[in-house]
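Visitor: My questions will all concern the structure given below.
The values are calculated or read from the model by the stated rules, or taken from the named source; none is laboratory data. The structure presented is a predicted model; accordingly, all values stated were derived computationally and were not measured. Note that each Cβ is placed from the backbone with ideal geometry, even for glycine, and that neighbours are counted across all protein chains shown.
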Amino acid sequence: MLDRSLIRQDMRRQRSNLSQQQQKVAAQAASTRLFQLPWFRQCLRLGIYHPCRGELPTDAIAAKARHRGKEIYYPVLKAGGQVGLRFANADQARWRNNRYGIPEPCGRLAASPRFLDLVIVPLVAFDRRGNRLGMGGGYYDRCFAYLNQRKVWRKPRLVGWAYAFQQVEEIEAFPWDVRLDAIVTEKAVFMCCL
Ligand SMILES: Nc1ncnc2c1ncn2[C@@H]1O[C@H](COP(=O)(O)OP(=O)(O)OP(=O)(O)O)[C@@H](O)[C@H]1O
Ligand SMILES: [Mg+2]
């Protein structure tokens with residue numbers, strides 16, 4: 001099994017070499033697959049992310065969600081330099097850059113991540129069982145840690161959003177890693193929670 005930091009390095013390099021056109025084409029194809037999923041069609045409160053450094057774009061998801069009248073939330077970092085994520089409503093909100101230079105809405109905070117129905121999760125690499133490598137901060141893992149205690153009632157559903165090349169054979173999961181329920185790429189949908 002490859003070392004986590006080697007996988008991260010390789011995937012981040014590949015991602016940053018993509019042209020804007022390649023990113024857009026992949027996001028359109030992945031969006032078509034996502035929009036057919038009942039989890040997307042039925043969700044009322046959706047969490048998405050603001051892409052940076054070549055991450056698969058999310059603007060088509062936001063546009064479709066807005067059109068369907070869903071509430072859209074983006075991750076915002078906890079104040080005071082703590083490692084923690086919350087989700088803020090993006091409708092009519094002002095935006096500001098966080099400490100990593102990633103834009104965040106200043107809108108109303110979701111009372112809890114459980115309040116969301118579906119969250120589109122960025123990732124650096126994934127395997128087909130739903131194991132995920134993020135950027136290495138542990139932000140998403142901490143935010144959704146409670147899901148590791150749950151077997152039956154899981155909310156929100158976590159859908160990884162990635163390029164097909166980000167798939168690897170197997171990612172070694174640590175006890176704190178939170179698995180994805182599904183992954184959508186431009187080439188396939190992987191259901192991992194069945
Ligand atoms: N629930 C948690 N409580 C405390 N520490 C945690 C928790 N989840 C992750 N961590 C810590 O965060 C660090 C980074 O974790 P990991 O390498 O899994 O990041 P990641 O999954 O890539 O990041 P992210 O969740 O932001 O996408 C690890 O040192 C881990 O111990
Ligand atoms: Mg992790």
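Visitor: Among (1) surrounded by fewer than 21 Cβ atoms within 10 Å (Cβ to Cβ); (2) more than 11 Å from ligand 2 (Cβ to nearest atom), which single condition is Met135 missing?
Guide: (2)
Visitor: Another question about this same structure. State yes or no: is Val152 over 17 Å from Ala88 (Cα atoms) and without any contact (Cβ under 8 Å) to a residue 12 or more places away in the chain?
Guide: yes
Visitor: Then there is this: Quick check on the stretch 160-178: of everything there that is farther than 20 Å from Asp3 by Cβ and part of a loop (DSSP other than H, G, I, E, B), which residue is nearest to ligand 2 (Cβ to nearest atom)?
Guide: This residue is Val178.
Visitor: Quick one: Trp153 ticks every box in (1) surrounded by 14 or more Cβ atoms within 10 Å (Cβ to Cβ); (2) more than 15 Å from ligand 1 (Cβ to nearest atom) bar one, so which box is it?
Guide: Status for Trp153: all satisfied but (1).
Visitor: Which members of the stretch 99-145 meet the condition of being at pLDDT 95 or above and of a type in the set (S, T, N, Q)?
Guide: The answer is Asn131, and nothing else.
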